[in-house]
Amino acid sequence: MDTITETQIKSFSSEWWDTFLQENENFTTTKVFKNVITSEDIVFLNKEIIKIIQELYALKTNKYGFRVYLDGKLQNNDFMTNLFEKHIPFENENITEYFDRVFSDKKFGMIINHTEKFSEDLAHNILLKIQPLLDKVGIPLTGLSAHILIGNYGWTPLGIHQDTRGENVIHFHLGPGPKIMYNWNEEDYKELTGKKDNNKDVEPLLPYAESYPFETGDLYYMPWNKYHIGFSDQFSVGLTIWFNNPTKRSFTTAILDALHLQHLNEDDEILSPNKDKDIDLTFENIKSVLNLNENLRGLTFIDLLKYLHKEYKLAILSNGGWASIPVTLSDKIKYEIDNYEILDNKKIITPYPFKTFYEKIDDELVIFARGYKVKIRYHDELINIIDKLNQNKEELVTDLLSNLIVDWPVEAGLYFLSLLYDKRAINIVETNQLK
């Protein structure tokens, strides 16, 4: 079949994704799709990437896998601190202007991971594009993630490498410069090199590679099992969306990590050696750190694991499939949840395709909104409110709360909606949503 073009099938429609799956043989074959991304989307996504850079500079952190390379060398914390403090993008400066100003004639590369966390508009725009694909193949068990590669670095600084087992990638090429990806089959590469990872001795291996050149507006797909390296000697921007399909072991590890993150108290008390070799006494220290209610403490290990699995799944589903939760409004703009009057008499919406999930546990309603877990005192009408919002239609706050305020004060209903608003699960329709 000929390569897809926008004139044949509308980009990112259900039919387009059918052809995508056909041409890459159901996620198993590398493929370039030409002229997929519109010029309007390219401008929009590049603007959002500049905003992400501004936010990371304001946070002054490389906590989220933010890295810069110069001449192939990873830069240290001193360089990053100088970048954060002295090279902030100017207002209305586009992405090409910014990098021309800061790096001029240097060979550089910048990698920003989990960018879905820092731009609601980018995360939503991409999710709308890939939603028809998710409807067909499902959401990866450990979610989706968005990563950005920027620069004119020549060969990918990581060298020839293979990605994590199961994690397939879709690359949106925003240009302006072109890029070439080189692939080696796993067995061929193993025979050539002994399966050498992060191999920077590239040129001798190029005759054995398959090359995939692409340009501005093209989309590149690659399965996880290809050894690969990219070449980009002209300035370009790539937005990559990762389908994080875990192994059974890594998925189970992710679930157990949830126990560590959610159900262990902060306790840095140093434990002394147990000279009496009292095993039971040692275990009491473990029990004291566990933050489990009586219901959870009474579960068998397998049932506790099942509970953690359900919570993990509901968190990802509520976030539309994204692995990283968004920055709350309280963290981003110092929004105060108690300032719920902002929602009074407003029109609100849960933007498609996001949904809020919930379950009743004793006298509490446990809510999963955009990956966040929220607890509130149970009322039947809260479920009706969530169900209405999950239709992804505009709703008047006064109508949503009309039945709830028969039993609860209107302030309680507004506070509930304010919790959802803070977690980015609902938007106010009449005002410009804060980014």
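The values are calculated or read from the model by the stated rules, or taken from the named source; none is laboratory data. Predicted model only: the values in this text are computed from it and were never measured. Note that each Cβ is placed from the backbone with ideal geometry, even for glycine, and that neighbours are counted across all protein chains shown. Note: accessible area is taken over every heavy atom of the protein model, side chains too, but ligands, DNA and RNA are not part of it. Shrake-Rupley method; radii C 1.70, N 1.55, O 1.52, S 1.80 Å.
Would you tally the net charge around I349, using a Cβ to Cβ cut-off of less than 11 Å, leaving I349 out, and scoring K and R as +1, D and E as -1? Once positives and negatives cancel, what remains is +1. Accessible surface for the chain, divided over its residues, is 50 Å² per residue with a 1.4 Å probe. Full extension of the chain between K200 and D280 gives 23.5 nm of extra length, using 0.36 nm per residue less the Cα-Cα distance. To the nearest ten degrees, helix 77-86 and the longest principal axis of the Cα atoms of the chain are 80 degrees apart. Between segment 281-350 and segment 69-131, the C-alpha centres lie 30 angstrom from each other.
Using the structure shown, list the pairs from K129/K195; K47/K117; K313/K423; K136/K346 with a Cα-Cα distance above 26 Å, or answer none.
Working: K129/K195 36 Å; K47/K117 16 Å; K313/K423 18 Å; K136/K346 36 Å.
In this structure, K129/K195; K136/K346 exceed 26 Å between Cα atoms.
Given points 7 Å out from each Cα along the Cα-Cβ axis, report the I302 to D399 separation in nanometres with one decimal. Simple spin-label model gives 4.8 nm for this pair.
Estimated from helices alone, the mean residue ellipticity of the chain at 222 nm is -11000 deg cm²/dmol (sum of -39500 (n - 2.57) over DSSP H runs with n ≥ 4, per residue). With respect to the chain, whose longest principal axis is taken over its alpha-carbon atoms, helix 248-263 is tilted by about 40°.
From the Cα gyration tensor of segment 301-435, with a ≥ b ≥ c the square roots of its eigenvalues, which class applies: rounded if a/c is under 1.5, or else prolate if a/b is larger than b/c, or else oblate? Please report the intermediate quantities before stating the final value.
On the way: a/c = 1.78, a/b = 1.29, b/c = 1.39.
Oblate, since a/c reaches 1.5 and b/c is not below a/b.
Hey, what angle do you get for helix 301-318 against the long axis of the chain, alpha-carbon based, 0 to 90 degrees rounded to 10? On a 0 to 90 degree scale, this one is about 70.
Would segment 223-362 count as rounded, prolate or oblate if I go by the C-alpha gyration tensor, calling it rounded below 1.5 in a/c and otherwise prolate when a/b exceeds b/c, oblate otherwise? Taking the square roots of the gyration eigenvalues as a ≥ b ≥ c, segment 223-362 is oblate.
Set the bar at 31 Å for Cα to Cα. Now go through K179/K373; K10/K360; K287/K373 and name every pair that lies beyond it. Can you show the working numbers first?
Working: K179/K373 41 Å; K10/K360 42 Å; K287/K373 23 Å.
Over 31 Å Cα-Cα: K179/K373; K10/K360.
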